[in-house]
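Below: the structure, in structure tokens.
The values are calculated or read from the model by the stated rules, or taken from the named source; none is laboratory data. What you are looking at is a predicted structure, and each value in this text was computed from that prediction instead of being measured. We work out accessible area using only protein heavy atoms, side chains counted, and drop any ligands, DNA or RNA first. Shrake-Rupley method; radii C 1.70, N 1.55, O 1.52, S 1.80 Å.
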Amino acid sequence: MTTDGKAEEIRTTVAERARQRAWREAEKAISAVLADPEAQRLRALIEQEEAAAGRDLRDELQAFQDRYDHAVRTGDVAALAVLCPGKHARWGRICVLTTGHQDELPHWGTTPDGPVAWIGSAPDDD
């Protein structure tokens, strides 16, 4: 291996270790924030409000959930392709509304606990 190749390998290793350390530190900070009693109280309050909003919108939006369920059962890729593009599933949710609904409606879908409506998206959505 050339001197330049060895130097590049060292830079890559150092950068990877720095990324790993940054992730560990971020996870510690996030865990500390989430463990705070006030953060837990606010999270519970938000979840209650989202569930209430989901129930309130159920009659109006259930047809979208039915369409989604049918598309999943039948493998209807075209129907699934027009769904909200947000990365909600990563957070345990799937918005069953169509692309662009955010201008008029919050996100809406169902969870094992029932319907839920929420505003916003996953932190890493573009």
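In the context of the full set of protein chains, region 21-79 has a per residue accessible area of 79 Å² (1.4 Å probe).
Three semi-axes describe the equivalent ellipsoid of region 8-118; taken as square roots of 5 times the Cα gyration tensor eigenvalues and ordered largest first, they are 35, 23, 11 Å.
Per-residue ellipticity at 222 nm, computed for the chain from helices alone with -39500 (n - 2.57) per DSSP H run of at least four residues, works out to -21500 deg cm²/dmol.
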